[in-house]
Every structure is written in C-alpha cells, then in structure tokens.
1. Since A:ARG184 meets every condition but one in (1) within 15 Å of B:PRO11 (Cα to Cα); (2) more than 8 Å from chain B (Cβ to nearest Cβ), which condition does it not meet?
2. Tell me which residues, restricted to region A:1-18, are modelled with pLDDT of 65 or more, within 22 Å of B:MET63 (Cα to Cα) and in contact with a Leu (Cβ under 9 Å, 6 or more places away or on another chain).
3. Which residues, counting only those in region B:219-244, are assigned to a loop (DSSP other than H, G, I, E, B) and surrounded by 14 or more Cβ atoms within 10 Å (Cβ to Cβ)?
4. List pairs: first residue in region B:52-68 and at the interface with chain A (Cβ under 7 Å from one of its Cβ atoms), second residue of a type in the set (D, E, K, R) and outside any helix (DSSP H, G or I) anywhere in the structure, Cβ distance under 6 angstrom, at least six positions apart or on different chains.
5. Suppose we filter A:ALA14, A:ALA26 for residues that are free of Cβ contacts under 8 Å to residues at least 40 places away in the same chain, more than 7 Å from chain B (Cβ to nearest Cβ), farther than 28 Å from A:GLY155 by Cα and not in a loop (DSSP other than H, G, I, E, B); which single one remains?
6. For residues in region A:39-51 being more than 8 Å from chain B (Cβ to nearest Cβ) and part of a helix (DSSP H, G or I), which is farthest from A:ILE84 (Cα to Cα)?
7. What's the number of the only condition in (1) modelled with pLDDT under 90; (2) closer than 30 Å to A:ARG33 by Cα that A:ALA164 fails to meet?
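The values are calculated or read from the model by the stated rules, or taken from the named source; none is laboratory data. None of these values were measured; they are calculated from a predicted model. Neighbour counts are summed over all protein chains in view; Cβ atoms, including those assigned to glycine, are modelled from backbone coordinates with ideal geometry.
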Amino acid sequence: MIRQDAIERRQLDALLARVAGGDRRAFSQLYERTSPILFGVLMRMLRRPDWAQAALQDSYIRVWNRSETYCAERSDPIAWLIGIARYRALDLLREQHPDERIIDDSEAVLLQLQDPAQSPEAQAIQRDAIERLDRCLRTMREEERVSLLLAYYQGYSHRELAQAMKAPLGTVKAWVRRGLTHLRACLLGEVP
Amino acid sequence: MNYRDPRLAVPLAAAYALGTLRGAARRRFESLLRGGQADDSLGAELRFWEQRLAQAAGAIAPMAPPAEAWAQIDRLLDRQLAAGVSALRQPARRLHSWRWRLGAGLAAAASLVLAFKIGERNAGSAATRLVQARATASPAQWRAMPMVVAQMQMPASRMAWLISLSPDRRQLSVVAAEDFLQVGRHSVELWLRSPARGLVPLGLLPCTRDESLSVQLPEGLGDQSQLRFTISFEPQGGSPTGQPTGPLLMSTPDRSTI
C-alpha cells in the first residue's frame, strides 16, 4: 500500500532536488524509498521479472537524467516517478515481439479488476485521495471500467484489450474513449 | 490542429497517460509537448491524468526489486557519467583556454567585466571579443588581468563555473563553463560565506555557456582568506528569504583564495 503523507512528500521533494544537483547519495536514498512502489507497478504491467527489472533500471536512469525537470509545485513525486516507470514499461511492451506478450483474459483477472475491494491490496483504494477515483470507477459501465483498468494496470493496447475482452476493436476503442470522458467528468465533480 | 481546444487536448492527453495512444500519434503528442507547439494547456491536461491515474497505483502492492537491480543502475550511471567525463574533456580544454581568454579579454578592455550584466547572454560574441583581446594583450595588460579564485564543479555533473576577481578586488565575475541541461523550474544560487557576515547572497548562477554574473564584492567580509563560496538549489528566481532554503549543493574548501 502506498502511503505518502505531507512529511514523506517533502522528503521526496528534497531528495529529488538533491538528485537534480548531481547528488548520488540522495539518488540512492530515493531508490531505496521508492523502488518497491515502481517495481510493483512494473511487475503488474509487464508480468515478467526480467522485463520489470530492465524497465526499473531504465526508469531510474531517466529519473537521474530528468530530475531537473521535476516541479514540486505542480507535481506529486510518487505520481511523477510512476509516470516515468509506466511510460518506460509501455515503450518496452511496444519493443517486444507480440508473441511474448502475455494477454491474460482469465476470469480471475477480470473479476479482480471488476471488484477491487475483494483483493487485499485494493483496500487501499478506500483511502483519502484514492476514494474519489475508486468511486468514479465504480459508477462506470463495467466494460468501460475494465478496459481502462486493463490498459492502466497491464499496459494493454486497444488491440490487446479487444483480445482480452473478446470484443471488436472498434467497440473497445469506444469503451476506452467513453470511459475516459466519464472518468474525467466524475473526477472533476461534474457528474455524481 | 488547435491543441488549445480542449475537445482535442483532453482525449489526447488522457489516452497518452493511459497508454492507449500508440505509434505515430504517440510520437506526435510527445513532439507537441517537447516543442511547445501547444500552449501549456496540453501539459496541464497530461499532468491531470498522470496525477489521477497514479492514484490507481495505490491498489498495487509494492514489491522489493531484485538486489542486483540497484547494482546495475549504479553501473549504468557510472558508465553514463564516464561518457560525460569523456565528453567533458573537450570542454575542459576549452575551459582552460576560455580561462585565459576571459582574462585577456578583461585585461584588454578593463570595462569588459562590467559589460557582463547579471543574466546577460553573450555566448559567441563574447568568445570572439575575448580571443581578439588575447591576441593583442601586452605584458602590462596581463598584469592587470583578473585573478581566478575558484572553479566550482558540481559533483558527478558537467555543471561548472569559473569565479574570478577583478584586479582591484572589488568585482566578482562568474562565468558558466558549458550549456547545462534545463535546471527546470528551479535556480542555482551562489553565496559567499564569511566569518563576519555568514552567508551573503551573490546572485543566481548562469546556466548557458559564456553567460556570466558580475557582482560587487560585498563589504565587511572580514578576513578574506576565510571566505568560501557555496551553491544552493532554490525555487525559480532565488531564495525568497535571503538565506538558502534548498539543499546546499557544494562549497569551496576552507581558506578559499580571495
């Protein structure tokens, strides 16, 4: 479960500032504190430890090189780091041969995503800032919610979503598009 | 296309953050972000989605990565920094020659140091003037050259500045040795530490090659053999308090040579 209170955030902001100044000790501390979060996300997306490790390594090299662009006033340090890791994972997925990709269309995965409260780690969704996201996800149509969650957690493309959800490509694209539109409106409080 | 139009920006940014924007469309979006072809509304919309979607990662249990992952990152970083050092060798030679060019230029035109205003960009033209001045400098002019008092190189980084003192010991000049990567929405600030006055702000350090900062040496510093320079990381525009608010990035050794 990811906990990030104000103190933790300030500490991460300070570490990122020191990393931007070329401080490798701070970089090591940042890695110690955040790599389990990023590795968990990468394992969820890539499903293969060797890929997840490669993506993690690349991600932290990017963090070192881009820490100067982190803006504490406009970003959250964990969200910024997760963004770097997810984009690297997406790049890696695109570079791999499609045959090596594990498309999991098992009922277990879909059920877990449809009802996150059933999984122990997903209890975190009940907390604080995550509550609204969770609430919004629960108000969405099932196929829209599942397609968004599969795309986010597994890094699926539209084509892979169509395969996993056994639906035509155009239909899946429409689910994703409508799902994002609904989610944005809900997050902004424009719909209940 | 007009990417200020939210009808275009919103779905693009959302699909990019989610990861469903692929191929040429994804590259085009990244190009728009990098190139500033769109105003910041596209970036703001992307940040909205990155922040919100990252909350979904709260449902993922953290996992300890393999121990060798950090060792590999450390090695990759060493290799990258070594490559940087190789690349720096050329600028380092340039730094050496640039040091005398700076001195020669200032000697040939005593007022030149005053021509370097805070934040003024003079890459290219400054170098030309300095080379010409060096070619015509006389022994008397050499004696009147400013004294180099410190070269500050950030640890594990290419960021470096040369600090010199005018012949009358009243004016400090700080010149960036290289173009540096974007410092982001932050500034690096130079301080002078003296036993008599503590930390005295000198100004924001330039981050473009040949760009310089010129500042009067503060008064009442006391024993000049005890002065040290310190660099701190600050919000954009510098410390709002008159004292460092961010981490101190580096300091010159004790008994600096002013």
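1. If we test A:ARG184 against (1) within 15 Å of B:PRO11 (Cα to Cα); (2) more than 8 Å from chain B (Cβ to nearest Cβ), just (2) comes out false.
2. Correct list: A:LEU12, A:LEU15, A:LEU16.
3. Here is the first cut: in region B:219-244, the residues assigned to a loop (DSSP other than H, G, I, E, B) are B:219-223, B:227, B:236-244.
Selection gives B:LEU221, B:LEU227, B:GLY238, B:SER239, B:PRO244.
4. none
5. Details: A:ALA14 fails: more than 7 Å from chain B (Cβ to nearest Cβ).
Being free of Cβ contacts under 8 Å to residues at least 40 places away in the same chain, more than 7 Å from chain B (Cβ to nearest Cβ), farther than 28 Å from A:GLY155 by Cα and not in a loop (DSSP other than H, G, I, E, B) holds for just one of A:ALA14, A:ALA26, which is A:ALA26.
6. The extreme case among them is A:ASP50.
7. Status for A:ALA164: all satisfied but (2).
For every residue, the table says whether it meets (1) closer than 22 Å to B:THR208 by Cβ; (2) at pLDDT below 80; (3) more than 14 Å from chain A (Cβ to nearest Cβ).
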{"residue": "B:ALA25", "(1), (2), (3)": "no, no, no"}
{"residue": "B:ARG34", "(1), (2), (3)": "yes, yes, no"}
{"residue": "B:ASP39", "(1), (2), (3)": "no, yes, yes"}
{"residue": "B:GLU50", "(1), (2), (3)": "no, no, no"}
{"residue": "B:ILE73", "(1), (2), (3)": "no, no, no"}
{"residue": "B:ARG79", "(1), (2), (3)": "no, yes, no"}
{"residue": "B:VAL85", "(1), (2), (3)": "yes, yes, no"}
{"residue": "B:LEU102", "(1), (2), (3)": "yes, yes, yes"}
{"residue": "B:LEU106", "(1), (2), (3)": "yes, yes, yes"}
